[in-house]
1. With respect to A:Ser178, is the statement that it is free of Cβ contacts under 8 Å to residues at least 12 places away in the same chain and either in a strand (DSSP E or B) or loosely packed, with under 11 Cβ neighbours inside 10 Å (or both) true?
2. Here is a list: A:Gly103, A:Gly39, A:Gly22, A:Gly110. Which entry is among the small types (Gly, Ala, Ser), more than 7 Å from chain B (Cβ to nearest Cβ) and under 14 Å from the mean Cα position of the chain (by Cα)?
3. Quick check on this structure: which one of B:Arg28, B:Arg56, B:Arg50, B:Arg90 is among the charged types (D, E, K, R) and more than 7 Å from chain A (Cβ to nearest Cβ)?
4. Inside segment A:1-14, can you point out the residues that are more than 7 Å from chain B (Cβ to nearest Cβ) and either of a type in the set (Lys, Arg) or open to solvent by less than 10 Å² (accessible area, probe 1.4 Å) (or both)?
5. Kindly provide the set of residues from segment A:133-146 that are without any contact (Cβ under 8 Å) to a residue 40 or more places away in the chain and either in a helix (DSSP H, G or I) or within 20 Å of A:Gly109 (Cα to Cα) (or both), ordered by number.
6. Do we have B:Thr149 as free of Cβ contacts under 8 Å to residues at least 40 places away in the same chain and surrounded by 15 or more Cβ atoms within 10 Å (Cβ to Cβ) here?
7. Would a scan of segment A:161-175 turn up a residue that is within 21 Å of A:Phe101 (Cα to Cα), surrounded by 10 or more Cβ atoms within 10 Å (Cβ to Cβ) and of a type in the set (S, T, N, Q)?
8. Could you give me the residue pairs with C-beta distances under 6 Å whose first residue belongs to segment B:67-85 and is away from chain A (no Cβ under 12 Å) and within 10 Å of B:Gly103 (Cα to Cα), whose second residue is of a type in the set (Phe, Trp, Tyr) and part of a strand (DSSP E or B) wherever it lies, and which are 6+ apart or on separate chains?
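The values are calculated or read from the model by the stated rules, or taken from the named source; none is laboratory data. Keep in mind it's a predicted model, so treat the numbers as computed, not measured. With ideal geometry, Cβ positions are generated from the backbone for all residues, glycine too; neighbour counts draw on all protein chains shown. What goes into the accessible areas is simple: the full protein's heavy atoms, side chains included, and nothing from ligands, DNA or RNA. Shrake-Rupley method; radii C 1.70, N 1.55, O 1.52, S 1.80 Å.
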Protein chains: 2
Amino acid sequence: MEFPSKLIEDAVNEVAKLPGIGKKTALRMVLHLVKEAEGKTTALTEALNRMRHNIRFCNTCHNISDSDDCAICSSHRRDKSVLCVVEESRDVMAIENTAQFTGVYHVLGGIISPMNGVGPSDLKIDALVERVAKAQGSIKEIILALSPTMEGDTTAFYINRRLSNFSVKITSIARGVSVGGDLEYTDEITLGRSISGRVPFQV
Amino acid sequence: MEFPSKLIEDAVNEVAKLPGIGKKTALRMVLHLVKEAEGKTTALTEALNRMRHNIRFCNTCHNISDSDDCAICSSHRRDKSVLCVVEESRDVMAIENTAQFTGVYHVLGGIISPMNGVGPSDLKIDALVERVAKAQGSIKEIILALSPTMEGDTTAFYINRRLSNFSVKITSIARGVSVGGDLEYTDEITLGRSISGRVPFQV
């Protein structure tokens, strides 16, 4: 792509580094900013800078937070005896949106993935073990809510082993056919596992 | 959507103002920036600010440029007697990519669109008339390369009327079936017009 201006080219190259954004989409965004008032660009860049430079993580659950203690960890309404282990802050938002979970979280900040050079020490797994140890039995259940992929299974397996010395119930989110999905179009592995992992019928 | 942090929420709201970006995509981008080093965000915002605050437009063709005269207008290789009128800088880039045009451009900066409150005075149409007048007959042909929409046709009609006093040939880019396209799947209006606007067969 030939650009009429070096400034446009630099901006497009930077925007195109964002996930899911190609050069064409980046160009569209940059030209949009050119058409809009200068204040719009300033508002965007200031919001991004303020966010990136001031963002903090909760000392307890390592979720993104505006303070050292996140709203969930510091809430008295949340059940501190149930801990849900997730990969990313995004997963916390997804689970919160279901309004089905009243416990607290532990954000690993990633998943064990040797292909991408991510090992257990890069994640908040030591912090999780420490948290469980410190709680001295007050944590009753740990729910592993990790992606149903090989990396997710590896991470779940590793965490399970690390926590084997503690008397805590370790569960995993249910896997099976999607609610509202069509059996016919469910992939074979999911369908096969949902048969082998069948559960008692509940009325 | 519930956000774990006001900073994240503000950043997502700003990013979601960009064209084609919804809240979910914006969140994905913002969380990507959180994971990356702070320097990445600074590089992005600096490139955007530098671009927006220093961008200039060519005095002659009104295309985006790093200086007061764009590379095309100041090139001695370009044929100044043929002027291609386009809506946006993006169109200049698209036509330049075809490598089929050796003349110069005139960027209107938009298209007449009463629905969006854009009238002839908001565009560089007066500047175009002035440019043609100043050239004193040295401009031989004006190609109207506007979108084949009602707004594009209106703008073309208006420009044609404004230039009727000058002895300049006014042409329009050819419309018809796409090269490599399938007749069967061409829309009826395009196919109909390509029949009524048929051209002599060339070997």
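1. Details: free of Cβ contacts under 8 Å to residues at least 12 places away in the same chain: yes; either in a strand (DSSP E or B) or loosely packed, with under 11 Cβ neighbours inside 10 Å (or both): yes.
So A:Ser178 fits the description; yes.
2. Working: A:Gly103 fails: under 14 Å from the mean Cα position of the chain (by Cα); A:Gly39 fails: under 14 Å from the mean Cα position of the chain (by Cα); A:Gly22 fails: under 14 Å from the mean Cα position of the chain (by Cα).
The unique qualifying residue is A:Gly110.
3. The match here is B:Arg56.
4. Passing the criteria: only A:Val12.
5. Residues satisfying the conditions are A:Ala133, A:Lys134.
6. On the way: free of Cβ contacts under 8 Å to residues at least 40 places away in the same chain: yes; surrounded by 15 or more Cβ atoms within 10 Å (Cβ to Cβ): no.
No.
7. The initial filter retains those residues of segment A:161-175 that are within 21 Å of A:Phe101 (Cα to Cα), namely A:168-175.
The next check asks that each one be surrounded by 10 or more Cβ atoms within 10 Å (Cβ to Cβ); those that pass are A:168-173, A:175.
If we keep only those that are of a type in the set (S, T, N, Q) as well, we get A:171-172.
Scanning segment A:161-175 turns up at least one residue that is within 21 Å of A:Phe101 (Cα to Cα), surrounded by 10 or more Cβ atoms within 10 Å (Cβ to Cβ) and of a type in the set (S, T, N, Q).
8. Taking only residues 6 or more apart or on different chains, the pairs are B:Cys84/B:Tyr105.
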